[in-house]
Amino acid sequence: MACRSSDLAIGTIDPDSDGADVTPDELDDEETGPGPRGIVRLVRSQGRRAIAVDGVVQSVEVPEEASIAGYWPEMLPRRPIGRALVLGMGGGTIAHLILREHPAARVCSVDDDARIIELARRNARFRLDDPRIEIVLGDAFAHVRALVAQGKTFDLIAVDLFRAGEVVRAAFARPFLRRLDALCNAGGVVTFNLIRDRRTARIIRRVAQHLRLIETRLIGLNCVLHCESSGLSGISRERASTPRRARGRLTDR
């Protein structure tokens, strides 16, 4: 999860550990993202508790009824959700927004940064003890491979893989996108959170080669993609002779 600090005013409460950020280069087909790095802190953002890495807000607490600003609500489709997979759990913002709108849903949330999960667990307002949330501490790419091998599918797959404000480029590797396609139910949705920069158009084109782009939502410095399964998850992409063109509605919020 990531939201630029220019969008959210923050004030430091509690430092955790230190490190250095990693800036991605060009897109490639590797599926190895950088490990956890950066200074993790509990902060306040617009009057709410939040978790930031290197000054970039990753997650905010989700009150029972209050509205949440930012890109997080835009990651949810306007469709029923029974089973959801959140890649990049952070403090559980997207997971709790899903459960608030779909109380009977079950959410599997994956994150490889134990510091963030532990910090959220120490603060009751993040409510990580909700039994409807399965927390997987580990690599999102390895977990997706395992889920495909198990034949699992989901109504929503939310991809929010960032390192302190920078996209993890492995999230747009072709093998990973094919696996997301395979995990998406018929009628389900795969959503991506991007930062709007010089790489955004190229990323959108890459995603549209493997998933059907249905909507692009612009929220401040964030760009949220909504996609459907291509219907080709059981077909070798090398045999698909006709490339799909990127289509979808553009919404600036």
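Laid out as a table, the results:
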{"item": "Residue match in the stretch 139-161 (condition: part of a helix (DSSP H, G or I), modelled with pLDDT of 95 or more, under 23 Å from Leu218 (Cβ atoms) and β-branched (Val, Ile, Thr))", "result": "no"}
{"item": "Only one of Leu42, Leu85 that is under 18 Å from Asn193 (Cα atoms) and either outside any loop (DSSP other than H, G, I, E, B) or in contact (Cβ under 8 Å) with a residue 40 or more places away in the chain (or both)", "result": "Leu85"}
{"item": "Extreme residue, nearest to the chain's Cα centre (by Cα), among residues of the stretch 94-131 that are of a type in the set (Gly, Ala, Ser) and assigned to a helix (DSSP H, G or I)", "result": "Ala95"}
{"item": "Of all residues making up the stretch 86-118, the number that are farther than 20 Å from Val168 by Cβ and either buried (at least 24 other Cβ atoms within 10 Å of the Cβ) or not charged (D, E, K, R) (or both)", "result": "9"}
{"item": "Filtered residues of the stretch 119-141 (kept if among the charged types (D, E, K, R), within 29 Å of Ala173 (Cβ to Cβ) and in contact (Cβ under 8 Å) with a residue 40 or more places away in the chain)", "result": "Asp139"}
{"item": "Filter result for the condition that a residue is in contact with a strand residue (DSSP E or B) (Cβ under 6 Å, 6 or more places away or on another chain) and surrounded by fewer than 19 Cβ atoms within 10 Å (Cβ to Cβ), over Leu156, Leu218, Leu225", "result": "Leu218"}
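The values are calculated or read from the model by the stated rules, or taken from the named source; none is laboratory data. Since the model is a prediction, treat every value here as computed from it, not as a measurement. Reconstructed Cβ throughout: ideal geometry from the backbone, glycine too, with neighbour counts over all protein chains shown.
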